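Working notes for the structure below.
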Amino acid sequence: MSFPLLFKLTLYGLTLDALAALYLTDLIAGPTLLVVAFALGASWWVDRLRPAIPNYRRLWEVITVVFLVYAVLDLAFLAESFMAAMLHLLVFLLAYKLYNAHSHRDLLDIFLLTFLMLVSSALLTTSLGFLAVFCAYMVLGVWGSILFHLRREADHAMPDRSGDALAAPGLVTPGFMWSSLGVAGAALILTLVIFFLIPRLGRTFLPLRGEYGPLATGFSDHVALGVYGTIQNDPTIVMRVSFAEDVVAPERLPGLRWRGVAFDHFDGRTWELANATRTQVRRARDGQFVVGAHAPNAPFLSYEVMLEPIGAEVLFGLPRVTAVQGRLANLVVDGAEGLVLPRPPNSRIRYLAVSQPERVREGQLRRAVRSTDYPPRLREAYLQLPAVSPRVRALAQELAAGARTPLEITRRVETYLNENLRYSLELGRQTDLDPLDEFLFERKTGNCEYFAAAMAVLLRAAGVPARVVNGFQRGEWNDVGRYFAVRQRDAHSWVEVYFPGAGWLTFDPSPRAAFDAQAFSVSGRISQYFDALRMRWSRYVVDYNVGDQALVAMELRRQSAAFRGRLSLLWETWTPKIRRSLRTTWRNHGSAALAVGALAVALLIVCRRTRPGDLAAAWLLRVRLRRTPVVFYDRMLRLLARRGYPRPPQSTAREFLERLEAEPEIRAPAAELTTLYEQVRFGGQPLTPAEGKRAALLLRQLEAAPR
């Protein structure tokens, strides 16, 4: 491939790579980027377009003025953000330079503009695809820099013949490409080292534009029955949850539910949280938010959550969260013990949480409970009911008849719903009845929201405080990354029931597990690998922070101390053995060692007439000749140039030798060196050791010749 074509391909490759980086930011729509790419690609034929278009320069002046007017409007009204307007400006400048490049400065501006587009995209995206874009830019950038340097130097050195020289075949070889690839790889490794060692900021940089994913219907301040049935078909990942290594086996965590929002008020169709009380969570000195007191002698689970931006201000966790740690500006607890942020996050957030799961023995709940055992405020909030139909109240009384404890009533309601109604995502209405009446007595099919609402209403009608909770169920176990991938389709509703002395306990009347097993298959191994890669990219690159650096430093220090300890142990163990071995060897072979030493001294005496400098010079010359066969001739030319006899570029070796007729002291060694040069350069015969020594001697004579 010729040099001009390769340089042009590299230049447009960088342009295409920069556009791919912009695509990852979602600031410029895909169709718009296709049009932009087509417009920039058309500049490939700018040398033909420029003569064919009259007043080409004037046309671009008009285009520039029109864009400046648009840029002002874009910055003030049209663009989604300041960064979006700046990216539009960068794209226009790149197009202008591609269509009007005349000098080396213009080409350098194109390189700079593509680099600015890449850096801007790095601030606005957390996509794993940016890694591929960045690596491609590293390779193309190294190629482009080297090729640009060659072109500029050739134009400066021989302005009249640079085009012919650069177009000569064999200038760019496969070796050049591989060497450039190696340089790019080394630069990438160095970049990674600097990235992990450079001091980090206190918190991860948040994108300048919100990157909300699909809004998770069901995680707002109210939920209407049946609204989010469609979300349970959405495979979009909402969060990824990993546990400590000692509890990471998925079979040890069968009934996980990620609690989000709880509701206390029902109007017959909609659940909402009427209690507007929000309590500020205290932040401890170590940065933890202390949500609740740890129950003594109770087990706990710690886990890490990477939550995607879903447009909700809720933090998800296992029931009974006691502590949260993360780069969170603030945290509050709502009136139903839900964890709430000041505003919905506009980017992925990572936090650590500690929960003490519900581990209450049923024997503690098998005692009679009077209404006075419930606090007044709790009875008022969680026994509230709208005007429900007589059939619903009759069913509640029937299920509660003869029950001696609230636990028995709860189990009866849960069993009735689980065994007599079917789970389905088909939520079409068949009658004009209230949704719960139709679900319980007519349609008898519904999603988890209907099951949870029905159980809460039946329990309240029977005098047992209950509330509906929205969140996510367990999720899919990723065996590659060792974490749970929780998707939108895992959105779930269940019920929490209050028991005096035990607090709120979870019950799930929905027979959803069997439905999910039939409806959704487990992701393939390749999908798990890609998702695990995205998880690690987010965890160790996007969210890499000063705390992670401290952990790495402590781990390196621990490993270093352990390594020094092992070395010390080896030294203490093997030093006595080595000493004993040396003493034994000297006793057994001391005479042989003395004989070898005497022979070495004799060889030095025999070779004393050979000057060490000659041997070293000859050896160095042979080493250099292996790399470049005419290095001694280049050395001769440099010596003669310093003496005032530079070799003209157009003269041959013999023609140059004729110019030295007036200097016999230097012509004689130069003539002999020229003969050796012709033997190596044109005869293909490498120097023998004797000829190498002779060449070194001739060079010293040439250097010592009087001026």
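The values are calculated or read from the model by the stated rules, or taken from the named source; none is laboratory data. Owing to the predicted nature of the structure, the values given are computational and were not obtained by experimental measurement. Using ideal geometry, Cβ is built from the backbone for each residue, glycine included, and neighbour counts are taken over all protein chains shown.
Annotations for the structure displayed:
- Count of the stretch 46-79 residues which are over 41 Å from the mean Cα position of the chain (by Cα) and of a type in the set (A, V, I, L, M, F, W, C): 5
- In the stretch 190-205 there is at least one residue that is modelled with pLDDT under 55, part of a loop (DSSP other than H, G, I, E, B), surrounded by 15 or more Cβ atoms within 10 Å (Cβ to Cβ) and under 18 Å from the mean Cα position of the chain (by Cα).
- Residue in the stretch 452-475 that is of a type in the set (A, V, I, L, M), within 20 Å of VAL388 (Cβ to Cβ) and part of a loop (DSSP other than H, G, I, E, B) present: yes
- Hits in the stretch 147-157 (condition: touching a residue at least 24 places away in the same chain (Cβ under 8 Å) and closer than 17 Å to SER2 by Cβ): LEU147, PHE148, LEU150, ARG151, ASP155
- Selection status of GLY129, surrounded by fewer than 21 Cβ atoms within 10 Å (Cβ to Cβ) and assigned by TED's automatic domain parsing to the domain that holds ALA39: yes
- Check on ILE28, assigned by TED's automatic domain parsing to the domain that holds ILE110 and either among the aromatic types (Phe, Trp, Tyr) or crowded, with 16+ Cβ neighbours inside 10 Å (or both): yes
- Residues of the stretch 49-57 include at least one that is assigned by TED's automatic domain parsing to the domain that holds VAL142 and at positive phi.
- Being among the charged types (D, E, K, R), within 27 Å of PHE484 (Cα to Cα) and out of contact with any Lys or Arg (no Cβ under 7 Å at 6 or more places or on another chain) holds for only one residue in ARG377, ARG391, ARG327, ARG359, and it is ARG359.
- Residue check for LEU567: within 56 Å of the chain's Cα centre (by Cα), farther than 30 Å from ALA157 by Cβ and at pLDDT 80 or above: yes
- Long-range neighbours under 8 Å by Cβ, at least six apart or interchain, first residue touching a residue at least 24 places away in the same chain (Cβ under 8 Å) and surrounded by 10 or more Cβ atoms within 10 Å (Cβ to Cβ) within the stretch 158-176, second in a loop (DSSP other than H, G, I, E, B) and not hydroxyl-bearing (Ser, Thr, Tyr): VAL172/MET1
- Given (1) at pLDDT 65 or above; (2) surrounded by 15 or more Cβ atoms within 10 Å (Cβ to Cβ), number of the condition ALA244 does not satisfy: (2)
- Of residues in the stretch 496-528 being modelled with pLDDT of 75 or more and exposed (fewer than 13 other Cβ atoms within 10 Å of the Cβ), the one nearest to MET455 (Cα to Cα): GLY501
- Here PHE111 fulfils each of the conditions (1) within 24 Å of ASP155 (Cα to Cα); (2) under 31 Å from the mean Cα position of the chain (by Cα); (3) of a type outside the set (S, T, N, Q); (4) modelled with pLDDT under 90 apart from (4).
- Checking PRO345 against (1) assigned to a loop (DSSP other than H, G, I, E, B); (2) within 29 Å of ALA502 (Cα to Cα), the condition it does not meet: (2)
- Selection from the stretch 409-444 of residues that are within 25 Å of GLY501 (Cβ to Cβ) and without any contact (Cβ under 8 Å) to a residue 24 or more places away in the chain: ARG411, ARG412, THR415
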